[in-house]
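A short reminder: the numbers here are calculations on the coordinates, not readings from a lab. Note that this is a predicted model, so its numbers are computed, not measured. Note: ideal-geometry Cβ built from the backbone for every residue, glycine included; neighbour counts use all protein chains shown.
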């Protein structure tokens, strides 16, 4: 069973300040390849920052050793209410998040946080990405995402390179009442991609939410195709028999013939089922007057859950992935806002879901996750989703796209 390594490693010293007291805002650069900067150990907490009030918080950075995790940098953030682990070595993914008795994440058969150096994306016909698949929130992209296979003369691997690209610059800072971890990930290849993703992962002190404020920029001189999927994954404690997916759904389509078999139950979950495999549903969602939508995963008792809110104009498609196999095979579901669906890029392009970024221009994505820790907030979130739905019926397509 995976556990989040919130243990201060031997030899990690808290940062010291010569002036004794510190203003509320602070900033530290941990990695910068442009200046050959790399900090192995860093830690700061509310005991040093005497001007930040009564909330106990901390930020720590250290490097994992041994096994396939050797050399992986991790940044542990605790806002006094929730705590999570950012992985700069793996594209600024987030391994797990804990808030009270709720865990965002899952128990993958992959038990270490795998260094990309030990991953060959081309393995097993382009499925090598799965050798490191165990995180709560992993981005798929950016030049391409989705299923492996041929796209013209190119052979694409599963879900692109984003998760296996170490960040070139990493900063941690506090601004006002928010803790931030900011990283820059570069996907660049001679004559092909020239993309830069800057992500700002932040949380307000004492809150139950975390926000991803991302900017994807084309640093090249010609139009650049891109794909992005926010692949957030959930197992126990939220996933169980009777858990439900709640969303303001405009249209739902089975991904393939396998998903057709359980179309009537697409919004509910089964107990761990040996040999289950996976079912996938492609959705378009309604948005509120502010252009944002909200989805929720709630447990069977409807007293715990997680919600995701984001802008539909930047992430117009949503994928629901259900893999309710037995525990050692991975009992997990994925809630995945995206620029498209996880078909191969050649299919997505045919269906006009592969977008481009002009030279020097950027696309922005704002995705916020909130942990729902009691029945009242689950009920309130369901009501907000119902308001967005506005009584409109969901169109259910019985067959996959042709």
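When 221, 58, 209 are ordered from fewest to most other Cβ atoms inside 10 Å of their Cβ, what list results? Mind dumping the intermediate values first?
On the way: 221 9, 58 21, 209 18.
Ranking 221, 58, 209 by Cβ neighbours within 10 Å, fewest first, gives 221, 209, 58.
When the Kirkwood hydrodynamic radius is evaluated over all pairs of different C-alpha atoms of the range 195-240, what value in angstrom, to one decimal, is obtained?
Numbers: mean 1/r = 0.0722 Å⁻¹.
Hydrodynamic radius (Kirkwood, Cα pairs) of the range 195-240 is 13.9 Å.
Which whole-number percent is the relative contact order of the range 230-335 (Cα, under 8 Å, 6+ apart)?
Numbers: 227 pairs, mean separation 37.8, N = 106.
Rounded, it is 36 percent for the range 230-335.
Apply the Debye scattering formula to the range 43-190, with a single equal point scatterer on each alpha-carbon and no solvent, then give log10 I(q)/I(0) at q = 0.17, 0.18, 0.20 Å⁻¹.
Each listed q corresponds, in turn, to -0.99, -1.08, -1.25.
Say we join alpha carbon atoms closer than 10 Å with springs in a Gaussian network model of the chain; which of 55, 294, 324 then has the biggest fluctuation?
Between 55, 294, 324, it is 55 that shows the largest mean-square fluctuation.
Among 317, 192, which comes first, then next, by fewest other beta-carbon atoms within 10 Å? Please report the intermediate quantities before stating the final value.
Numbers: 317 19, 192 12.
Ordered by Cβ neighbours within 10 Å, fewest first: 192, 317.
Which ordering of 215, 157 is given by a fewest-first count of other beta-carbon atoms within 10 Å?
On the way: 215 15, 157 21.
If I rank by nearby Cβ atoms, fewest first, I get 215, 157.
If I build a Gaussian network model for the chain, linking alpha-carbon pairs within less than 10 angstrom, which residue out of 34, 375, 287 has the largest mean-square fluctuation?
Result for the chain, Cα springs under 10 Å: 34 fluctuates most.
Compute the long axis of helix 375-389 from its Cα atoms, compare it with the longest principal axis of the Cα atoms of the chain, and write down the angle in degrees, 0 to 90, nearest 10.
Tilt of helix 375-389: around 50 degrees.
Give the peptides 110-121, 245-256 in descending order of average Cβ contacts within 10 Å, highest first. Show your work: numbers first, answer last.
Working: 110-121: 17.9, 245-256: 19.9.
My ranking of the peptides, most packed first, is 245-256, 110-121.
Just to confirm my numbers, what's the Cα centroid distance between the range 82-151 and the range 55-76 in Å?
If we compute the Cα centre of each part, the gap is 16 Å.
Tell me, what is the percent relative contact order of the range 26-396, built from C-alpha pairs under 8 Å that lie six or more residues apart? Don't jump to the answer; show the numbers that get you there.
Working: 1005 pairs, mean separation 60.3, N = 371.
Here the relative contact order equals 16 percent.
Once you've got the GNM for the chain with C-alpha springs shorter than 10 Å, pick whichever of 187, 96, 257 has the biggest mean-square fluctuation.
Comparing 187, 96, 257 in the GNM, the peak value goes to 257.
Roughly speaking, what is the centre-to-centre gap between the range 178-202 and the range 301-368 when only Cα atoms are used, to the nearest Å?
With the range 178-202 and the range 301-368 each reduced to a Cα centre, they are spaced 18 Å.
Tell me what the chain gives for mean residue ellipticity at 222 nm when only DSSP H runs of n ≥ 4 count, each as -39,500 (n - 2.57), the sum divided by the residue total, rounded to 500 deg cm²/dmol.
Values: 4 runs with 29 residues, N = 402.
About -2000 deg cm²/dmol.
Once you sort the root eigenvalues of the Cα gyration tensor of the range 174-222 as a ≥ b ≥ c, which label holds: rounded (a/c under 1.5), prolate (a/b larger than b/c) or oblate (the other case)?
Working: a/c = 4.13, a/b = 3.84, b/c = 1.08.
Prolate, because a/c is 1.5 or more and a/b exceeds b/c.
Classify the range 265-318: rounded, prolate or oblate, from the alpha-carbon gyration tensor (a ≥ b ≥ c, eigenvalue square roots; a/c under 1.5 rounded; otherwise prolate if a/b is larger than b/c)?
oblate
Taking a ≥ b ≥ c as the square roots of the Cα gyration tensor eigenvalues, with a/c under 1.5 meaning rounded and otherwise prolate when a/b beats b/c, else oblate, which class fits the range 227-306? Let's see the in-between values first.
Working: a/c = 1.80, a/b = 1.20, b/c = 1.51.
Judged from the Cα gyration tensor, the range 227-306 comes out oblate (a/c at least 1.5, b/c at or above a/b).
Could you work out, for the range 269-386, what percent of all Cα-Cα pairs fall into each 10 Å distance bin, beginning at 0 Å and stopping at the bin that holds the largest distance?
Bin by bin from 0 Å, the calculated values are 12, 34, 35, 16, 3.
Let's test this: bin the Cα-Cα distances of the chain at 10 Å from zero up to the farthest pair and state each bin's percent.
Using 10 Å bins, I get a P(r) of 5, 22, 34, 26, 11, 2, 0 for the chain.
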